[in-house]
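Quick one: this structure, given as structure tokens, is what I'll be asking you about.
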Amino acid sequence: MADEGGYPEFGFTLADIAAGALRGRRPDVPLLELLSSVAPAEAAILTRCSRTSHLLYAGAVFGYGPGAVAPMTSPEFLSRDPAYRSILRGGSRSPIRSWVDPDYAYEQSPAARGFLLPAGFRGGLSMRLSTAAGHHVGDFHMSTKDRFVPSPAQLAVLGRSLAVVADILDDTATGPQQPFVLVDDGRTVVVDGAQQSEFAPLLPCLRSHATAGRSERSRSFRWLGPSRTWYRVDLHWSGPGLRAEAHRETLPHRLSHRELEVLDRLCTGATNGEIAQQLCLSERTVAHHVERILDKLASRTRTAAVAIAVQEGLTLCPAVAPRRPRP
């Protein structure tokens with residue numbers, strides 16, 4: 001694959017991604033960037049198929065909002081998609097379909113009318129990724145703002161990459177680990193595996209919750225990003241994974257960063273002495289912070305302040321209790 005017509009570097013880059021995967025680097029984002037570089041993609045998603053649950057989840061994504069990610073990871077929705085149905089019917093054709101395929105009028109499809117056309121997309125392409133043994137390991141979907149007619153060279157380079165991409169995903173399967181999607185004020189900015197600068201420090205917290213599985217339907221907490229911007233992060237467990245929504249907002253009740261740290265530890269039942277030790281403060285300073293917290297939350301007791309904190313998500317990124325080994 002050293003020479004791919006108009007894409008001479010494609011094969012070399014794919015080989016580098018495969019080599020990086022062997023060294024332990026997660027390949028989802030590099031694969032998404034490489035596949036979407038073949039066409040003028042304005043949005044793209046690479047999905048994975050879990051080995052254990054056989055459910056689809058987003059491995060990497062850009063340009064699509066949450067309203068597009070959900071159906072693109074839904075087998076039920078995909079089974080009604082004309083392009084995907086055409087792929088599943090198989091035959092001698094390559095498992096790649098575009099909006100302009102003569103087998104269907106994609107502009108009338110549920111995906112196009114439901115979320116693609118309203119988002120300004122007018123073209124696109126889908127690929128189903130399967131190993132030589134026939135195991136479905138994921139899909140690739142991309143969308144363009146203009147009408148897109150894939151050229152023979154584009155179809156050729158994508159077609160020749162199918163087996164290699166599928167093998168890379170199959171060899172780096174994540175097993176039972178649960179995926180997560182982070183949405184920043186309605187815009188999908190990062191999916192597990194995609195390190196975006198502002199949210200990269202938050203990913204270990206989200207990943208631990210996604211891996212641990214749901215303990216409740218939803219919860220919220222506060223997080224201070226590297227840009228010194230405060231976010232309210234809402235966690236929602238639905239389908240096969242975790243969805244986190246980040247909303248920029250100042251701390252409510254005029255709470256300071258330090259007061260939020262103290263309040264967060266109050267919610268764990270820590271005493272003033274324990275909080276002082278954890279935050280390297282004096283007990284007198286902690287007592288002063290507690291007094292100000294009670295005043296700002298209009299609470300007469302620590303218990304009442306904790307109740308407000310839990311209700312309004314006035315805690316920091318919650319820790320995940322380690323799972324106890326089975327006897």
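Would you mind ranking Cys49, Cys280, Cys317 so that the residue whose beta carbon has the fewest other beta carbons within 10 Å leads the list?
So the ranking, lowest neighbour count to highest, is Cys280, Cys317, Cys49.
Would you please give the FRET efficiency between Ala298 and Gln277, computed as 1/(1 + (r/R0)^6) with r the Cβ-Cβ distance and R0 = 41 Å, to the nearest 0.05?
0.90
Then there's this: Taking amide H positions as placed in the peptide plane 1.01 Å from N, state which residues far from Gly59 in sequence (5 or more) or on other chains have amide H under 5 Å from it.
Residues meeting the criterion, in which the H sits 1.01 Å from N, are Leu46, Thr47, Arg48.
Distance between the C-alpha centers of the stretch 38-96 and the stretch 216-289? Whole Å please.
A separation of 37 Å, based on Cα centres.
Return the FRET efficiency for the residue pair His135, His247: r is the Cβ-Cβ distance, R0 is 45 Å, and the value is rounded to the nearest 0.05.
So, using R0 = 45 Å, E works out to roughly 0.70.
Now a separate question. Between Arg254 and Lys145, what is the label-point separation in nm under the 7 Å Cα-to-beta-carbon projection?
4.6 nm
Order of Asp264, Asp16 from fewest to most other C-beta atoms within 10 Å?
Asp16, Asp264
Something else about it: Could you list which residues have their amide H under 5 Å from that of Thr144, counting only those 5 or more apart in sequence or on another chain, with H placed in the peptide plane?
Excluding prolines and chain starts, which carry no amide H, the hits are Glu42, Arg122, Gly123, Gly124.
Trypsin sites (Lys or Arg not before Pro) within the stretch 70-156: which are DSSP loop residues with at most 15 other Cβ atoms inside 10 Å?
Filter output for the stretch 70-156: Arg80, Arg93, Lys145, Arg147.
We did not get these values from a lab; they are worked out from the coordinates using the rules stated. None of the values given here were measured: they were computed from a predicted structure. Cβ coordinates were reconstructed from backbone atoms using ideal geometry, including for glycine residues, and neighbour counts include every protein chain displayed.
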